[in-house]
Amino acid sequence: MILLISLFCIQANAQTFGLKAGLNLSNMLEKDDDDTYSNDYKMNPGFHIGGIVDIPINDVLSFESGLLLSTKGFRYEDEDMGFNVKIKANLYYLDIPLTLKASHELSEGVKMFGAFGPYVGFGLSGNVKGTVEFQGNKETEEEDVKWGSDENDSLRRLDMGLTFGGGVEINGIMLGISYDLGLANISTFQENGTTTKNRVLKFSIGCRL
């Protein structure tokens, strides 16, 4: 935050603001010392949307941050002995990326860029929905995520990790792809090496204001 404020003050007249939105394909790593349980998880489609600020450092490098409402979670499907089981976890986070961005001008109005840095996320809400179907009969249960650090809670609220990606900017329109690698263990039960971490692949479109 000190770095962000310092750069903001130094480059107050050069900063640019923008909007970003796009598709999320999220998954989760879930494992303990005995097994990895997320091997059969599928990517859960969602979205991200929010505002960004770009603060130039020099002609090549800039510092980019923002506030993004972002979905995370996973999907699971299995069929065995006539039972069709589906589970879907939808998690909603407020993410703050803090990335160093390098740009290279390809031609007038066209730039290629790459970005790398940490992010911090705060869990806002979420739910887990499960459906079991057998011989035409279907039963569905849905439970809201309870954020906290107690073992009776569902998940820890604070998420942290690394984000990296790249893309192209054409006359102020940005097209990019990035990957958020969660490093924080958000599981409230951590005995026997129990670990839960977020993974999100993002496809974005943005514009400078």
>> Counting only protein heavy atoms and a 1.4 Å probe, tell me what percentage of region 77-209's accessible area is made up of carbon and sulfur.
In response: 56 percent
> Who wins for biggest fluctuation among Gly51, Gly109, Gly176 in a Gaussian network model of the chain, springs between alpha carbons below 10 Å?
Replying inline: Gly109
>> Along the charge dipole of the chain, pointing to its positive end and built from +1/-1 on Cβ of Lys, Arg, Asp and Glu, which listed residue (Asn185, Gly18, Leu201) has its Cα farthest out?
In response: Gly18
>> Just want to confirm a number: the relative contact order over the chain, from Cα pairs under 8 angstrom separated by 6+ residues, in percent.
In response: 21 percent
> Just from its helices, what would the mean residue ellipticity at 222 nm be for the chain, if runs of 4 or more DSSP H residues each count -39500 (n - 2.57) and the sum is divided by every residue, rounded to the nearest 500 deg cm²/dmol?
Replying inline: -1000 deg cm²/dmol
> Rolling a 1.4 angstrom probe over the protein heavy atoms, how many square angstrom per residue are accessible across the chain?
Replying inline: 56 Å²
> Computed over the Cα atoms, what is the radius of gyration of region 61-174 divided by 2.2 N^0.38 Å, N being its residue count?
Replying inline: 1.53
> Considering only Cα-Cα distances, which of the following residue pairs are longer than 25 Å: Lys20/Lys129; Lys88/Lys146; Lys42/Lys138; Lys20/Lys86?
Replying inline: Lys20/Lys129; Lys20/Lys86
> Taking the Cβ-Cβ separation of Ile205 and Asn58 as r and a Förster radius of 25 Å, what is the calculated FRET efficiency to the nearest 0.05?
Replying inline: 0.40
>> As an exercise, find the ratio Rg/Rh for the chain from alpha-carbon atoms, using the Kirkwood inverse-distance average for Rh.
In response: 1.06
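The values are calculated or read from the model by the stated rules, or taken from the named source; none is laboratory data. Keep in mind it's a predicted model, so treat the numbers as computed, not measured. Cβ atoms come from the backbone with ideal geometry, glycine included; neighbour counts cover every protein chain shown. We work out accessible area using only protein heavy atoms, side chains counted, and drop any ligands, DNA or RNA first. Shrake-Rupley method; radii C 1.70, N 1.55, O 1.52, S 1.80 Å.
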